[in-house]
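Only one structure is covered here, and it is reproduced in the block below.
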Amino acid sequence: MSSVPDASDATMLGRRTDGTPVRRPLSPHLQVYDMMQMTSAISISHRATGIAWTAGAVLMVWWLVAAASGPEAFDRVQWFLGSFVGILMLMGVTAAAWFHTLAGVRHLFWDAGYGYDIPTTYKSGRAVLIGTAVLTALTWLALLISW
Amino acid sequence: MEQTTRATTLRTPLGRVRGSGSAKSGTHHWWMQRVTSLALLPLTVWFIAILATSAGMTHLEAMAWIGHPVNAVLLLALIGLTFHHTASGLQVVLEDYAKPEWVKITSILAVKAVCALLALAAALAVLRLAV
């Protein structure tokens, strides 16, 4: 199946085991979806932010190990976290952490069986986005005040 | 009736009741990811709140804060749960996307090894300051 003339055919065109083409309903492929809609965009972002947060966990380990190693090591990690790259990383990790936390709570509600209908799904999705923005801003406000 | 349902499945009644699939673990991995996420919720908010409100900590202040018994216990819990949750989350991502099979298995094992070592290093640091 080198070319699919119509995107809606992507759910219909398949091949038999002997290679001959056949038209029958197939599982929809990713390309038939609008990937920027709230549901799928937040779903994949939940994974991406989980992976990104790993960088934050590594920073935590560096900070703790440096604190236990001595003043020079601690100065180095504090210098890095206060540098341009460090602040950029921390900002990214803060936003990713809040997003993953809020989207994770949304998943826990789904796991418990609540909030599956479309209007609620869109509402909770918007709440995750707004909550991420507000909590990230508040975290950095607290950080700048205490600096 | 009993005869016909028996005939259509290869699973033993005991296996069906235990809910263990071919991996012999049932929903354990899925469930542990939920349990660790619940436990991480308060711990993470606590850690982020502390860091955000004490950005300019000196080395002495940081040592005293990490070494405080309550903080040390919570940090050890945070470290263990963080890397358990991280390793199982990354494992699922690799199971979904990493191909071929040997790449999948080696990358999952590597992720678990790195997570275990990072957790041990962080825990050792906390214990050095707390004990």
For region B:54-87, the count of residues that are under 17 Å from residue A:93 (Cβ atoms) and either out of contact with any Phe, Trp or Tyr (no Cβ under 9 Å at 6 or more places or on another chain) or buried (at least 19 other Cβ atoms within 10 Å of the Cβ) (or both) equals 6
Here is a check on your reading of the model: is residue B:86 of a type in the set (Val, Ile, Thr), part of a helix (DSSP H, G or I) and at pLDDT 90 or above? yes
Tally the residues that are more than 17 Å from residue A:128 (Cα to Cα) and either within 11 Å of another protein chain (Cβ to nearest Cβ) or hydrophobic (A, V, I, L, M, F, W, C) (or both), restricting the search to region A:27-46. 3
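Condition check ((1) assigned to a loop (DSSP other than H, G, I, E, B); (2) at pLDDT below 95; (3) buried (at least 16 other Cβ atoms within 10 Å of the Cβ); (4) within 11 Å of another protein chain (Cβ to nearest Cβ)) across all residues:
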{"residue": "B:6", "(1), (2), (3), (4)": "no, yes, no, no"}
{"residue": "B:15", "(1), (2), (3), (4)": "no, yes, no, no"}
{"residue": "B:21", "(1), (2), (3), (4)": "yes, yes, no, no"}
{"residue": "B:29", "(1), (2), (3), (4)": "no, yes, no, no"}
{"residue": "B:38", "(1), (2), (3), (4)": "no, no, no, yes"}
{"residue": "B:47", "(1), (2), (3), (4)": "no, no, yes, yes"}
{"residue": "B:99", "(1), (2), (3), (4)": "yes, yes, no, no"}
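Would you mind finding the one in A:49, A:101 that is among the hydroxyl-bearing types (Ser, Thr, Tyr), in a helix (DSSP H, G or I), on the phi < 0 side of the Ramachandran plot and more than 9 Å from chain B (Cβ to nearest Cβ)?
Exactly one of A:49, A:101 is among the hydroxyl-bearing types (Ser, Thr, Tyr), in a helix (DSSP H, G or I), on the phi < 0 side of the Ramachandran plot and more than 9 Å from chain B (Cβ to nearest Cβ), namely A:49.
Given the structure, is residue B:130 closer than 28 Å to residue A:142 by Cβ, within 9 Å of chain A (Cβ to nearest Cβ) and of a type in the set (A, V, I, L, M, F, W, C)?
no
Residues are listed down the side, and each one gets a yes or a no for (1) of a type outside the set (A, V, I, L, M); (2) in contact with a strand residue (DSSP E or B) (Cβ under 7 Å, 6 or more places away or on another chain); (3) farther than 29 Å from residue A:75 by Cα:
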{"position": "B:83", "(1), (2), (3)": "yes, no, no"}
{"position": "B:87", "(1), (2), (3)": "no, no, yes"}
{"position": "B:96", "(1), (2), (3)": "yes, no, yes"}
{"position": "B:114", "(1), (2), (3)": "no, no, no"}
{"position": "B:119", "(1), (2), (3)": "no, no, no"}
{"position": "B:127", "(1), (2), (3)": "no, no, no"}
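For every residue, the table says whether it meets (1) at pLDDT 95 or above; (2) more than 8 Å from every other protein chain (Cβ to nearest Cβ); (3) more than 21 Å from the chain's Cα centre (by Cα).
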{"residue": "A:58", "(1), (2), (3)": "yes, no, no"}
{"residue": "A:62", "(1), (2), (3)": "yes, yes, yes"}
{"residue": "A:77", "(1), (2), (3)": "yes, yes, yes"}
{"residue": "A:81", "(1), (2), (3)": "no, yes, yes"}
{"residue": "A:91", "(1), (2), (3)": "yes, yes, no"}
{"residue": "A:96", "(1), (2), (3)": "yes, yes, no"}
{"residue": "A:110", "(1), (2), (3)": "yes, yes, no"}
Could you please find all residues in region A:64-111 being under 17 Å from residue B:47 (Cα atoms) and charged (D, E, K, R)? none
Pairs needed: first member in region B:38-57, touching a residue at least 24 places away in the same chain (Cβ under 8 Å); second member anywhere, among the β-branched types (Val, Ile, Thr) and part of a helix (DSSP H, G or I); C-beta distance under 7 Å; at least 6 residues apart or different chains. B:40/B:82; B:44/A:101
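The values are calculated or read from the model by the stated rules, or taken from the named source; none is laboratory data. Just so you know, these numbers come straight off a predicted model, no measurement behind them. Note: ideal-geometry Cβ built from the backbone for every residue, glycine included; neighbour counts use all protein chains shown.
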